[in-house]
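The structure under discussion appears below in the form of C-alpha cells.
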Amino acid sequence: MPTPHVIADDRAALDSGLYARSFVDVYDAWYSALDDPADLVDAFAARMPDGGRVVELGSGTGRLAGPLAAHGFETTGVDISIDMLRRSTTTEQRVGADMTQLPIRTGSVDGVIIAYNTLCNLASVAAQRQCIAECSRALTVGGVLAIDMFVAAPANASHLIDVSTRSIQSPGVEPSPVVAMITRRDTDIGSGADLIDGVHIELHRTGTRVRPWRLCHQTPAALDDVASTLGLRLVAANSDWAGAPFTPEARRRVSWFERCADQSASP
C-alpha cells in the first residue's frame with residue numbers, strides 16, 4: 001500500500017510544492033485532456049512576435065510548454081518540482097525554481113503563462129503578489145502575462161465544506177479507482193481571497209492513496225488590483241484559451257495583462 005501523504009500543520013500554507021508531490025504520478029493520466037493546447041498556442045501567437053521568448057510557470061510535464069516550443073517560441077518551463085520536469089519529453093528548456101524567485105533576467109521575455117490554477121498553489125496573497133511582481137520584472141515593455149484561474153462561486157454556509165466522489169479512468173489500472181474529494185473553504189482571510197484546503201482520497205482495490213492540496217483563490221477584481229500596482233494592465237479577459245468571452249456567470253477566467261512602460265512599480 002502506498003504511504004499516504006498528510007497535511008501535518010499550517011506549514012502547508014508555505015509549501016508551494018505540495019500539489020506536485022501529491023499528483024506527480026497521475027498528472028498526465030488525469031489532466032492530459034484539459035483544453036486543446038493548440039488554442040493556447042494560437043492565443044499567444046496572436047499576441048507575441050514570431051520566435052518570441054515565453055516562460056511557463058508551473059510547467060510540470062510539458063503539457064503546454066511543449067506545444068509552445070514546437071510552434072517556434074523560445075520556451076522555458078519553470079517548476080519547483082524536479083520530478084515533474086523530469087517527466088517532460090518535449091523540447092522546451094526546463095528550470096527548477098520557485099515561482100516567487102525567478103532566475104530570469106529583467107525585461108528579457110515576451111510572454112509568461114500561469115495556467116490552470118497554478119498561481120493558486122502559492123497559498124497566500126503575499127506569495128501570489130511576489131510571483132506576479134517577478135513576472136512583471138521579467139517581461140519586456142509590451143510583453144504579456146496570461147493567468148488562467150477558476151472563479152469561485154459566491155460563498156455561503158452550505159458550500160464551505162464539500163464532499164464529492166467520482167471514478168477516474170487511469171490507463172492500466174483495473175478497475176478504475178474511486179476518488180472522494182473533501183474540501184474546506186475559509187472565506188475570512190481578507191484581500192478578496194479564500195483559502196481552500198482539499199484532499200483526494202483515492203480508493204483502489206489494493207489500497208488507498210491520500211493526495212492533499214491547498215489553494216489560495218483571489219477574485220478577478222482582486223487579481224486585477226494586484227497586477228495594476230505592479231505595472232501590468234488588463235487588456236483582455238476570456239473564459240478559455242479559445243477566446244470565449246468572460247461573463248459574470250463564468251467559472252473560469254483567462255486574464256491577459258500587458259507590461260506597461262512605467263517600470264517604477266514595486267512589489
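Each Lys and Arg adds +1 at its Cβ and each Asp and Glu adds -1 at its Cβ; summed about the Cα centre, the chain shows a dipole of about 320 debye.
Checking (1) 64, 39, 31; (2) 56, 42, 34; (3) 52, 42, 31 against the coordinates, the calculated Cα extents along the principal axes in Å falls under label (2). Would region 181-229 count as rounded, prolate or oblate if I go by the C-alpha gyration tensor, calling it rounded below 1.5 in a/c and otherwise prolate when a/b exceeds b/c, oblate otherwise? Cα axes put region 181-229 in the prolate bin.
Computed about its Cα centre, the charge dipole of region 47-108 is approximately 40 debye, with only Lys, Arg, Asp and Glu carrying charge at their Cβ. Can you give the net charge of the other residues whose Cβ lies under 15 Å from the Cβ of Glu134, counting K and R as +1 and D and E as -1? Spelling it out: positives minus negatives among the neighbours equals +1.
Computed extension length for Ile82-Ala45: 10.5 nm, one decimal, from 0.36 nm per residue of separation with the Cα-Cα distance subtracted. When you restrict to C-alpha pairs under 8 Å that are six or more residues apart and normalise by the size of region 30-143, the relative contact order lands at 26 percent. Across the chain, the mean sequence separation of Cα contacts (distance under 8 Å, 6 or more residues apart), normalised by length, yields a relative contact order of 19 percent. Around Thr183, under 11 Å between beta carbons, what's the net of Lys plus Arg minus Asp minus Glu among the other residues? Charge balance in the 11 Å sphere: -1.
No value in this document is a laboratory result; all are computed from the given coordinates. This one's a predicted model, so the numbers in the text were calculated from it and none came from an experiment. As a convention, Cβ positions derive from the backbone with ideal geometry for all residues, glycine included, and neighbour counts pool all protein chains shown.
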